[in-house]
Amino acid sequence: MATHFTLLCYLFIIFTIAISQMNKSQKDLVQALVSNGIIKNPNVASIMELVDRKFYAPHFSYQDSPQGIGYSATISAPHMHAYAL
């Protein structure tokens, strides 16, 4: 019983952290990537701000995670795009 409770508490904490770190716009997402040291080049930040992820990932667009885009395909997490640039 205690292990189920511990697991539920852990999941609640993870969910709470995830919600608190959700970005509300492309600019917020890019700023988070800069703040976390993923984007180091200002040119990369500028380019990433120009291409709004909401057009490619309609759900949780500004979350730094891969997203399903249909037909068993995904779009990579934004940090992967930043590393590629």
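The values are calculated or read from the model by the stated rules, or taken from the named source; none is laboratory data. Treat the numbers as computed from the prediction; the structure is a model and nothing was measured. Neighbour counts are summed over all protein chains in view; Cβ atoms, including those assigned to glycine, are modelled from backbone coordinates with ideal geometry.
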So, in the range 19-31, how many residues would count as being at pLDDT 90 or above, within 16 Å of residue 79 (Cβ to Cβ) and of a type outside the set (D, E, K, R)?
4
For the condition modelled with pLDDT under 90 and surrounded by 11 or more Cβ atoms within 10 Å (Cβ to Cβ), what is the one hit in 74, 16?
74
For the range 51-85, enumerate the residues that are aromatic (Phe, Trp, Tyr) and on the phi > 0 side of the Ramachandran plot.
60, 71
